[in-house]
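Notes for the one structure printed next.
The values are calculated or read from the model by the stated rules, or taken from the named source; none is laboratory data. The structure displayed is predicted, hence computed values, not measured ones. Reconstructed Cβ throughout: ideal geometry from the backbone, glycine too, with neighbour counts over all protein chains shown. Note: accessible area is taken over every heavy atom of the protein model, side chains too, but ligands, DNA and RNA are not part of it. Shrake-Rupley method; radii C 1.70, N 1.55, O 1.52, S 1.80 Å.
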Amino acid sequence: MERLSSKAEIRGAVLAAKREGKTVALVPTMGALHEGHLSLVEAACARAEYVVVSIFVNPTQFGPGEDFEAYPRDLEHDLAMLSAEGADLVFTPATTAMYASDAAVTVDPGPLGALWEGAVRPTHFAGVCTVVTKLFSIVGPDLAFFGEKDYQQLQIITRTVRDLDLPVKVVGCPIVRERDGLAMSSRNAYLSADQRVAATVLSRALDAAGALATDGGRDARAMTAAMRAVIEAEPLAALDYAAVVDPVTLVELDTVEAPARAIIAVRVGDTRLIDNMAITPGAER
Ligand code: PAF
């Protein structure tokens, strides 16, 4: 596995792979890798002959007072994991290489970027769209892999690629969960032992919504109320939002007539956790 930090070197390496007829996949990450990231790399290796993983803690997607400085970083550990998983190339750019000091042009995520996470983190998705578009431009992948854990991000990136005619296919991959249901996230490392136990409240709330759908329920507001009740019963958790939404427009639904998505954001102590689950009316779970 090769590690490169310059844009020119990355372009050269990818060009060489393409000249050999290889399909190129990109897995963008911010490092602090866990099994969820590795599942993306595994999916990429199954679909492409040349797999690039980027590790870049992107400052522009963190708002003032957010955890950019504290975000976990462990490059040596990440590189060992990626090598074992079979990645071909790791791109580790410096911030100065990614952003000119007077960089001023950004990618606007459109109305989807103002909903849910965007309402709480108003500049977040512009930062994500900008860095992901730049990574696509630098690496030039045929395929790019993102986790469904950041469901709104996945929808916004899919929309960005469509609306800007970017020549890459976005592939969404299922959420990877701990044995007790907690969705894997680099931010889980912030949780104390008590908070870690309490954090299972997100998946329990989503399960409560899903159970109503399995039982034939179609009332999205009742599903939201069920999620809210589970969160309110957990003293260490505070609800930011819970909703059942259209899986593409992310608009909140009153009734579930077709596959939908339950989404939830919860604060456990100072840590903000998000999770989501497919809601399929009448389906066995
Ligand atoms: O999901 C993430 O880790 C980040 O938002 C991403 C896509 C790597 C962009 O910085």
Those residues of the stretch 102-117 which are open to solvent by less than 50 Å² (accessible area, probe 1.4 Å) and not in a loop (DSSP other than H, G, I, E, B) amount to LEU112, GLY113, GLU117
Pairing a residue in the stretch 215-227 that is over 14 Å from ILE263 (Cβ atoms) with any residue that is among the charged types (D, E, K, R) and part of a loop (DSSP other than H, G, I, E, B), where Cβ atoms lie under 8 Å and the two sit 6 or more apart in sequence or on different chains, gives ARG218/GLU257; ASP219/ASP254; ARG221/ASP254
Filtering the stretch 135-166 for residues that are within 10 Å of the ligand (Cβ to nearest atom) and either open to solvent by 20 Å² or more (accessible area, probe 1.4 Å) or of a type in the set (Gly, Ala, Ser) (or both) leaves a count of 5
Screening ALA126, ALA119 for residues that are away from the ligand (no atom under 11 Å from the Cβ) and touching a Ser or Thr at 6+ places or on another chain (Cβ under 9 Å) leaves only ALA126
Those strands (runs of 3 or more DSSP E) completely within the stretch 10-101 that have 3 or more residues that are free of Cβ contacts under 8 Å to residues at least 60 places away in the same chain and either within 16 Å of the ligand (Cβ to nearest atom) or buried (at least 19 other Cβ atoms within 10 Å of the Cβ) (or both) are 50-55
What do you reckon, is VAL128 at pLDDT 95 or above and open to solvent by 20 Å² or more (accessible area, probe 1.4 Å)? no
Scanning the stretch 253-277 for residues that are among the charged types (D, E, K, R) and under 21 Å from VAL201 (Cβ atoms), the one farthest from the chain's Cα centre (by Cα) turns out to be ASP270
